[in-house]
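Below you'll find the structure, written out as structure tokens, and then a few comments.
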Amino acid sequence: MTTTSPEAGFGARLKAAHERFGPACVGIDPHRGLVEGWGLPYSYEGVERFALTCVEAFGGRVASVKPQSAFFEVFGSRGVALLERVTKELREAGTLVVLDVKRGDIGTTMTAYGEAFLGKDAPEPADAITLSPYLGYESLRPALDLARDTGRGVFVLALTSNPEGAGVQHASTPRGSVAGDIVAAATRDNAEAAGRGEWGHVGFVMGATIGSALDDLGLRDALAASNAPVLAPGFGAQGGTVETIKEVFGASVERVIPTTSRDVLKAGPDGSSLIEAVERTRESVARLA
Ligand SMILES: O=c1ccn([C@@H]2O[C@H](COP(=O)(O)O)[C@@H](O)[C@H]2O)c(=O)[nH]1
């Protein structure tokens, strides 16, 4: 089962998935506390059981799933192979995979990161990955262009959900703010898709917890004009709610993808409890779409 034709760009595929399933994204974050909380050993075998139970519960039930790469990388090559299996099985179930890898480096290295996760010959490509623009937005260019050319997407860290992020992201630049410069650059990259009436392939990570940052930085209109999907972590365990998401994003809320990990994952290990938690999350955010 696929949500749209593989030829469609990421923005079009994401929008179609939202129309079908609603905006909720669920994370797969097998960290020690959760894995042990499920009564599993914190070992490769425990994490494998945890992750595959999530695939079974989430696949085909939400528009997108966000595996957190770090929790798989802990287990070395076996963990990476497991992440590839998770990616493959979710995509086969018709669920978009947003791989949270937060890569960012100089151009030559970005080419390799792009090929690793978004390229047509990538071992197990994701539908989108998270990128860090803090070596400069343009340093991401190889991955940005590869995503566009392969019909995949990226989510660039703009206003992250953690309190420490503001010190860097709110900082002033000659044009306004660091976050504002990122929004402006991504808007240029999304212009072609906007012309086709599609969401762009360059999205932002903006936390559900950022409060009045968009107003403080004068970015509300810029975000509305960006045509960018917005991945919003911080929903659930970090305190973000449906109400705060509405308030934070205002007119841009229709492009917001609230993503939650612990709030759903704590319902395991029972598969049906996990599915109920996914359905509750889907219903709670349905009003945003
Ligand atoms: O600004 C950011 C960017 C990414 N994350 C990631 O999202 C999940 C959040 O997990 P919860 O359990 O729902 O808090 C996790 O993988 C983070 O690395 C983020 O929280 N904030």
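The values are calculated or read from the model by the stated rules, or taken from the named source; none is laboratory data. As the structure is a prediction and not an experimental result, all values here were calculated from the model. We place every Cβ from the backbone using ideal geometry, glycine too, and count neighbours over all the protein chains shown. Ligands, DNA and RNA are excluded from the accessible area calculation, which covers all protein heavy atoms including side chains. Shrake-Rupley method; radii C 1.70, N 1.55, O 1.52, S 1.80 Å.
Annotation: lysines with alpha-carbon distance below 29 angstrom to LYS120 (same-chain offsets under eight excluded): LYS15, LYS66, LYS88, LYS102.
To check you understand DSSP bridge types, tell me what percent of the beta bridges within the chain (both residues inside) are antiparallel, rounded to 5. Could you put the intermediate results ahead of the total?
Details: 2 of 29 bridges.
About 5 percent, rounded to the nearest 5.
Within the stretch 151-246, the trypsin sites (Lys or Arg not before Pro) that combine a DSSP coil assignment with at most 12 other C-beta atoms in a 10 angstrom radius are ARG175, ARG196. I want to verify a result. In a Gaussian network model of the chain, Cα cutoff 10 Å, which of these has the top mean-square fluctuation: GLY153, GLY211, GLY27? Taking springs between Cα atoms under 10 Å, the residue moving most is GLY211.
Any idea of the accessible area per residue across the stretch 10-288, 1.4 Å probe, to the nearest Å²? It would help to have the intermediate numbers written out before the result.
Values: 11000 Å² over 279 residues.
Normalised by residue count, the accessible surface of the stretch 10-288 is 39 Å².
The trypsin sites (Lys or Arg not before Pro) of the stretch 69-105 include none that meets both criteria, a DSSP state outside H, G, I, E and B (loop) and at most 15 other C-beta atoms within 10 angstrom of the site's C-beta. In the assembled protein chains, VAL101 presents an accessible area of approximately 10 Å² (probe radius 1.4 Å). Per the Debye formula on identical point scatterers at the alpha carbon atoms of the chain, with no solvent, log10 I(q)/I(0) at q = 0.07, 0.11, 0.14, 0.17 Å⁻¹ is -0.23, -0.58, -0.98, -1.47. Based on C-alpha pairs under 8 angstrom that are at least 6 apart in sequence, the stretch 10-288 has a relative contact order of 20 percent. Computed with a 1.4 Å probe on the full set of protein chains, the accessible area for TYR134 sits at about 80 Å².
Could you check how much of the accessible area of the chain is carbon and sulfur, as a whole percent, using a 1.4 Å probe?
Ligands and nucleic acids excluded, carbon and sulfur reach 51 percent.
Once the Cβ-Cβ distance between ARG78 and ALA225 is put in as r, and R0 is 51 Å, what FRET efficiency do you end up with, to the nearest 0.05? Working shown, then result.
Details: r = 45 Å, r/R0 = 0.88.
With a Förster radius of 51 Å, E is 0.70.
Counting heavy atoms of the protein chains alone, PHE71 has an accessible area of about 50 Å² for a 1.4 Å probe.
Loop only per DSSP, at most 10 neighbouring Cβ atoms within 10 Å: give me the GluC sites (Glu not before Pro) in the stretch 22-114, ordered by residue number. Don't jump to the answer; show the numbers that get you there.
Details: sites: GLU36, GLU45, GLU48, GLU56, GLU73, GLU84, GLU89, GLU92; in loops: none.
Nothing satisfies the criteria.
DSSP finds beta bridges in the stretch 132-289, and of those with both partners inside it, around 15 percent are antiparallel.
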